[in-house]
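My questions all concern the structure below.
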Amino acid sequence: MSQQREAYGETLGRLRRRLRTLHQCTNALLQAESEQALLRSICEILVAGGEVRLAWVGYCEDDAEKTVRPVAQAGDGVEYLERLKTSWGEIELGQGPVGVAVRTGHACWVDDIRTNPRFSPWRAAALARGYASCLAVPLIAYEASGGAVDLRGTLNLYAAECSAFDEHAIEHYTGLAASVAYAVTALRGHLAEDLTSGVTALRARAERKRAEEALQQAREELAHVTRVTTLGELAASIAHEINQPLAAIGADANACLHWLAADRPDLDSVRGALTAIVKDGLRAGEVITRIRALLTRSSVARGRCDLTGVIRDVLPLVGPEIRRHGISLEMSLAPNLPQVTGDRIQLQQVLLNLLMNAVEAMREVPPVRRRMVVRATTDHRDDGPWAIVAVEDAGVGFSQAEAPRLFEAFYTTKPGGLGMGLSISRSIIDNHRGRLWATTNSDHGATFQFALPGMP
Amino acid sequence: MLPTEPIGSIPRPAALIEGVQGFRAGRISQPELTALYDAAVQDTIRRLEATGSPVITDGEQAKHSFATYSIHGLENLSPDGVPISFADGHIRNLPRLTGGPFRYKTPADVYLEIAQRYAQVPLKQAVVSASALSLLYPQGGLRGYSREEYLDALIDEQEGEIRRCLKKGAHVVQMDFTEGRLSIKLDPTRRLLRSFIDLNNLVLERFSAEERKRIGVHTCPGADRHSTHSADVDYAELLPSLFELQATSFYVQLASEPHRQRVLKLIREHAKATQRIFVGVIDPLDPRVETAEEIRDRVLEAAEYIPPDRLGTTDDCGFAPFSDDTSRTRGTAFDKIRARVAGTALASTVLGVD
């Protein structure tokens, strides 16, 4: 009977202590001004209540080790926490009460630290500080609706006696942890969440912009490389184009010397020859200037641009190649073509690519059929005039199956071709707010054309 | 000599504090107030130069506070924003934004220009961080002006402010990031801190590596009256994230830390090799003026953890970040700065730094 009374007394005493602790915790929950102060108070109250020697709160980190980081503590053994390594991951350090409580969302306890294998990584240190049992309760408040307020952390308690945490104790501390979760959530408000979402959106935008800039730079570099490659392919023809005026200059100069050596120099002829020399020199110089422009510059410079001028810039470079393949060239350039906003070098590159493709397409067709037409027209649309430049050939054309792939990067039908020309050309025209497309001709070959909005 | 720089603020002269009160009460005119500001800046610069400090500030004489100088006087603000509680129980409230659009009213380069009229030695310019001003936006949101729009405008404003300061010849632009440590108190999960770091990096990333060599970040637990707002937050919580900021110089409060060597060890572990650390060797909250020898020893202690070519000295904090703070005197501030310069010179000799 007295034993029973003693047991009742003990239970009553424990309940009184818990009630007092709960009352103090409730006050702390209501009065807390900051999260850290609240967590520290709760730990201090629990230790002061006498049931536990050490109380600490840990939060889950998203680092590689999935660390549970102590953020508040009280009691005997704070230095134990400084060395404590615990995890919420599926690794060995995550198999203790803390890790299990986080993963399962339910309390996890060890009745006897000396023997429970779950606690082996921390056993020696814990026993040295006199801990015999422990409990980890997740900081979660489950709601009737099925939702939950989850702080992603645990309240952790260490007692000096084995089996200190019975069913009632676990229920008591689980309830307390839920209250802490609610209180902390209220304290945090939505400050971090709101700011994080705002900053995340800005960061995503900044990253997108950075990626776009990097892509643009890569495109420009690739475009430059492609230009250099194309000019390399044209080297023999260009050399011929430059050689012609140089040879004429040589011949005219010799003639001048001859005329000047006469007793009565034929000055009219000398004047005529010198005029021809100047003209040929300018012609060679212009070719070299155009080549240099195409070779050296890789950054984009937008400005007012006359597409007829662009065509006239490019034709001397491709002209020798056109003639070498016996292709007849027709030009149909509409007067008063609207000027466009663009990068002259990039637009030259597009046209150069279309002309070279046309030459290539006619390499294997009978010479009689080799005919190329370059057209520049104006299309009056609702949003204003557009300039259209078309290159029509009578070559091998393309099949219906090939059509969707023509502008894909690395797609080529040319042996040894890179398959970048049309892809780059399309990205250039897209960047000029225009359109580049291809159609098959009714008889032979294909027409590639681009349209650009005229300047207002 | 090792580089040595002040943080920013110096207590305002009594005449200026009275003048500000007089202006609010309508007793003095705007030109009279401007003349008082001008005189205070001129006197502060003269006295800072007299300390031998190789780099000085304008003492923030004309700033309302280190945090609100750029927005003070805006009409779309209300005074009841986020409260900052200090350990002695007093509270400073940040303003609250009441509507968009957001623009600075008086950016820091305006103060810099005025100071440049009088300074003979290089001037550094402090600016408030974007993260501090991010707290202006109310939690409930604003109709017709989203948080994202606000942050976008804030970043633009701060970029412009820093860029103009650099262009006008500031020796260095120092971003005041006192809310870093405070954020951990507000949110121990450190999500808020991570957002702060990310937000400030969005500003810093707009500058080239060359420009960032002239941009620094200051951290401290806040110093107002005789108290701080977050000295109880463990530095270990802040420092790893702090050094993720894309700045070159870091001005770290240290003199008033109870365990300086532990903090220095953390700095050594987390600071990047390209970052220079200006350690705080003066405690503005301590009314006693440190001796040059004390400063020397603090520098030498720091040099055990940070190589001299990445080490500098500074004050733990400004001497009066809020303009109405009279808890310290101007004389003490100048004496302390003089001690810092002298102590840094002594340490430089020991370390063999010319």
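None of the figures in this text is laboratory data; all of them are computed from the coordinates on show. Please read all numbers here as calculations on a predicted model, not as lab measurements. Ideal geometry is used to build each Cβ from the backbone, glycine not excepted, and the neighbour counts take in all protein chains shown.
Using square roots of five times the C-alpha gyration tensor eigenvalues, list the equivalent-ellipsoid semi-axes of segment A:215-453 in whole Å, biggest first.
Output for segment A:215-453: semi-axes of 37, 21, 18 Å.
Could you tell me the convex hull volume per residue, in Å³, taken over the Cα atoms of segment A:10-191?
Spread over its residues, the Cα hull of segment A:10-191 gives 118 Å³ apiece.
Calculate I(q)/I(0) for the protein assembly as shown by the Debye formula, one identical point scatterer on each C-alpha and no solvent, and give its log10 at q = 0.10 Å⁻¹ to two decimals.
-1.05
In this model, which of B:185/B:265; B:185/B:213; B:105/B:185; B:105/B:168; B:105/B:336 are farther than 26 Å apart at the alpha-carbon?
Violating the 26 Å Cα-Cα cut-off are B:185/B:213; B:105/B:185; B:105/B:336.
Test of understanding: given chain A, find the longest segment containing no GluC sites (Glu not before Pro) that are in a DSSP loop and have at most 15 other Cβ atoms within 10 Å.
A:162-363
Antiparallel DSSP bridges in segment B:14-351: what percent, to the nearest 5?
In segment B:14-351, DSSP labels about 25 percent of beta bridges as antiparallel.
Okay, next question. In whole percent, what relative contact order does chain A give with Cα contacts below 8 Å and a gap of six or more residues?
In percent, rounded to a whole number, it is 9.
Right, another one. Go ahead and collect, in residue order, the members of segment B:76-111 whose backbone nitrogen is under 13 Å from a label point 7 Å along the Cα-Cβ direction of residue B:143.
Inside the label zone: B:99-100.
Also, I was wondering about something else. Which is the longest run of chain B containing none of the trypsin sites (Lys or Arg not before Pro) found in DSSP loop states (not H, G, I, E, B) with at most 15 other C-beta atoms within 10 Å?
Of all site-free stretches, the longest is B:28-102.
Measuring from label point to label point, each 7 Å out along Cα→Cβ, what is the residue A:262 to residue B:29 span in nm?
About 9.5 nm, to one decimal.
Calculate the dipole size of segment A:215-453 relative to its Cα centre from +1 charges on Lys and Arg beta carbons and -1 charges on Asp and Glu beta carbons; express the result in debye to the nearest 20.
240
For chain A, max minus min Cα coordinate along each principal axis, in Å, sorted largest first?
150, 52, 42
Here's something else I'd like to know. Points 7 angstrom from Cα along the Cβ direction at residue A:20 and residue B:120: gap in nanometres?
7.1
Relative to a virtual label point 7 Å from the Cα of residue A:64 in the Cα→beta-carbon direction, which members of segment A:75-112 show backbone nitrogen distances below 14 Å?
none
For helix A:35-48, what angle does its Cα long axis make with the longest principal axis of chain A, in degrees from 0 to 90 and rounded to 10?
Once rounded, one gets 20 degrees.
In degrees, nearest 10, range 0 to 90: what is the angle between the Cα axis of helix A:267-296 and the longest Cα principal axis of chain A?
Long axis of A:267-296 versus the principal axis of chain A: about 20 degrees.
Additional query: Can you list the GluC sites (Glu not before Pro) in segment B:212-275 that are in a DSSP coil and have 16 or fewer other beta carbons within 10 angstrom?
The qualifying sites are B:244.
Given R₀ = 22 Å, FRET efficiency for residue A:324-residue A:288 by Cβ-Cβ distance, to 0.05?
Between residue A:324 and residue A:288 the formula returns 0.65.
Hey, another quick one. Among A:57, A:289, A:41, whose Cα projects farthest towards the positive end of the dipole of chain A, with charges put on the beta-carbon of Lys, Arg (+1) and Asp, Glu (-1)?
It is A:289, whose Cα lies furthest towards the positive end.
Taking every DSSP beta bridge with both residues inside chain A, roughly what % is antiparallel (nearest 5)?
Of those bridges, close to 90 percent are antiparallel.
So what's the back-of-envelope 222 nm ellipticity for chain A, counting only DSSP H runs of four-plus at -39500 (n - 2.57) apiece and dividing by all residues, rounded to 500?
-17500 deg cm²/dmol
Write down the radius of gyration of segment B:14-351 and its Dmax, each obtained from C-alpha positions, in Å.
19.2, 61
Related question: What residues of segment A:113-132 lie in the reach of a label at residue A:91, counting those whose backbone N is under 15 Å from a point 7 Å from the Cα along Cα→Cβ?
A:121-122
Would you tally the net charge around residue A:108, using a Cβ to Cβ cut-off of less than 15 Å, leaving residue A:108 out, and scoring K and R as +1, D and E as -1?
Counting the neighbours of residue A:108, the net charge comes to -4.
To one decimal place, what Kirkwood hydrodynamic radius in Å is obtained for segment A:297-345 from all pairs of distinct Cα atoms?
Taking the inverse mean of 1/r over all distinct Cα pairs, segment A:297-345 comes out at 12.6 Å.
Here's another thing I want to ask about it. Find the cysteines in chain B that fail to meet the 4.7 Å Cβ criterion with every other cysteine, and list them.
Result for chain B is B:165, no neighbouring Cys Cβ within the cutoff.
Helix A:191-233 versus the longest principal axis of chain A: what is the Cα-based angle in degrees, 0 to 90, to the nearest 10?
Roughly 30 degrees, rounded to the nearest 10.
Please give the charge dipole size of chain B, origin at the Cα centre, charges +1 on K and R Cβ atoms and -1 on D and E Cβ atoms. Round to the nearest 20 debye.
So the magnitude is around 240 debye.
Please give the average number of partner chain Cβ atoms lying within 10 Å of the Cβ of each residue in B:195-207, rounded to a whole number.
3
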